[in-house]
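Novice: Can you keep this structure in mind? I'll have questions shortly.
The values are calculated or read from the model by the stated rules, or taken from the named source; none is laboratory data. Predicted model only: the values in this text are computed from it and were never measured. Every residue, glycine among them, receives a Cβ derived from its backbone with ideal geometry; neighbour counts consider all protein chains shown.
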Amino acid sequence: MPRGLGATLDAVLRRPARVGVYYHVAGRAIFQRRGIREWNALTRLHALTDRATPRPMAKLYFHYSTMNAGKSTLLLQAAHNYHEMGMDTYLMTADFDHRAGNGQIGSRIGLSRDADIYGSDSDLFEMIATRLSAGPVACVMVDEAQWMSKEQVWQLARAVDDLGVPVMCYGLRVDFRGELFPGSATLLALADEMREVRTICHCGKKATMVIRKGEDGQALLDGDQVQVGGNETYVSLCRRHWREEVGR
Ligand SMILES: [Zn+2]
């Protein structure tokens, strides 16, 4: 509710016919009607400073790794931590990935949480602005960030800069051909902070690459980048063992 939470609560107003709050989102003041009980609670909250609770900076973060490193688990753990501190998060995931069902972020260890879905036509800035106009969030979290278009990554950058909300993206860096995903390439260019989520190859070295195996167990050298779903056909490897598998 106070400053630094994305939507800025500017005022808590009471008029004869209207009780509500003004938020400040993307340079626009947005008025929302509220019930009298909630208005009373907001009035008290508005009077407090927000210094007591640590919050992430309004930056664009990119947490990247290869397959099966536990990115979604980390995302869900971070979201859980905010909720324990009484803060809301806004979770988004791509509709290309149906592993956990529509509108959910799931992890291989069984955690899951509801999420809004974005597609290739979605305006992520508008989605975030709409969510913030319904109430503040401590952090926006975007799973499967490799699938974003270049333009969508710029939309997230604008949300960070103009709405003042931290955005944390989680995604794969390279595909099974060793090529950057478009969303990841743009995030590597634009992110304020990048963190590698590590996993290891069978040899014990850090795995940075991934191979896709066909039904015969052989590494596939080309094909559609978008086909994700069966974890069992992807194996994360160090670069040396990736080269051995693909003969490069
Ligand atoms: Zn290796």
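Novice: Here are some conditions: (1) assigned to a strand (DSSP E or B); (2) over 19 Å from S65 (Cα atoms). E126 meets all but one. Which one does it not meet?
Specialist: (1)
Novice: May I pose another question? Output the number of residues of the stretch 203-221 satisfying the condition of being surrounded by 10 or more Cβ atoms within 10 Å (Cβ to Cβ) and free of Cβ contacts under 8 Å to residues at least 12 places away in the same chain. Steps first, please.
Specialist: First, the residues of the stretch 203-221 that are surrounded by 10 or more Cβ atoms within 10 Å (Cβ to Cβ): 203, 205-214, 218-221.
Now restrict to residues that are free of Cβ contacts under 8 Å to residues at least 12 places away in the same chain: 218.
Within the stretch 203-221, residues that are surrounded by 10 or more Cβ atoms within 10 Å (Cβ to Cβ) and free of Cβ contacts under 8 Å to residues at least 12 places away in the same chain number 1.
Novice: Which number in (1) under 18 Å from H83 (Cβ atoms); (2) touching a strand residue (DSSP E or B) at 6+ places or on another chain (Cβ under 6 Å); (3) surrounded by fewer than 23 Cβ atoms within 10 Å (Cβ to Cβ) marks the one condition that V140 misses?
Specialist: (3)
Novice: Scan the stretch 175-183 and give yes if some residue there is without any contact (Cβ under 8 Å) to a residue 60 or more places away in the chain, under 26 Å from M57 (Cα atoms) and surrounded by fewer than 19 Cβ atoms within 10 Å (Cβ to Cβ), otherwise no.
Specialist: Within the stretch 175-183, one or more residues are without any contact (Cβ under 8 Å) to a residue 60 or more places away in the chain, under 26 Å from M57 (Cα atoms) and surrounded by fewer than 19 Cβ atoms within 10 Å (Cβ to Cβ).
Novice: Here's a follow-up. From the list G171, G178, G183, G214, which residue is more than 22 Å from A78 (Cβ to Cβ) and touching a strand residue (DSSP E or B) at 6+ places or on another chain (Cβ under 9 Å)? Break it down into steps so the answer makes sense when it comes.
Specialist: Numbers: G171 fails: more than 22 Å from A78 (Cβ to Cβ); G183 fails: more than 22 Å from A78 (Cβ to Cβ); G214 fails: touching a strand residue (DSSP E or B) at 6+ places or on another chain (Cβ under 9 Å).
Just a single option satisfies the conditions, and that option is G178.
Novice: While we're on this one: Could you check how many residues of the stretch 129-150 are under 11 Å from the mean Cα position of the chain (by Cα) and in a helix (DSSP H, G or I)?
Specialist: Number satisfying all stated conditions: 2.
Novice: Turning to a different aspect of this structure: Quickly run through the stretch 158-172 and pick out the residues that are surrounded by fewer than 21 Cβ atoms within 10 Å (Cβ to Cβ) and within 17 Å of the chain's Cα centre (by Cα). Full working, then the answer.
Specialist: Applying the first criterion (surrounded by fewer than 21 Cβ atoms within 10 Å (Cβ to Cβ)) to the stretch 158-172 yields 158, 161-162, 164.
Result: R158, D161, G164.
Novice: Of the conditions (1) of a type in the set (S, T, Y); (2) modelled with pLDDT under 90; (3) more than 16 Å from the chain's Cα centre (by Cα), S107 satisfies every one except a single condition; which number is it?
Specialist: Condition not satisfied by S107: (3).
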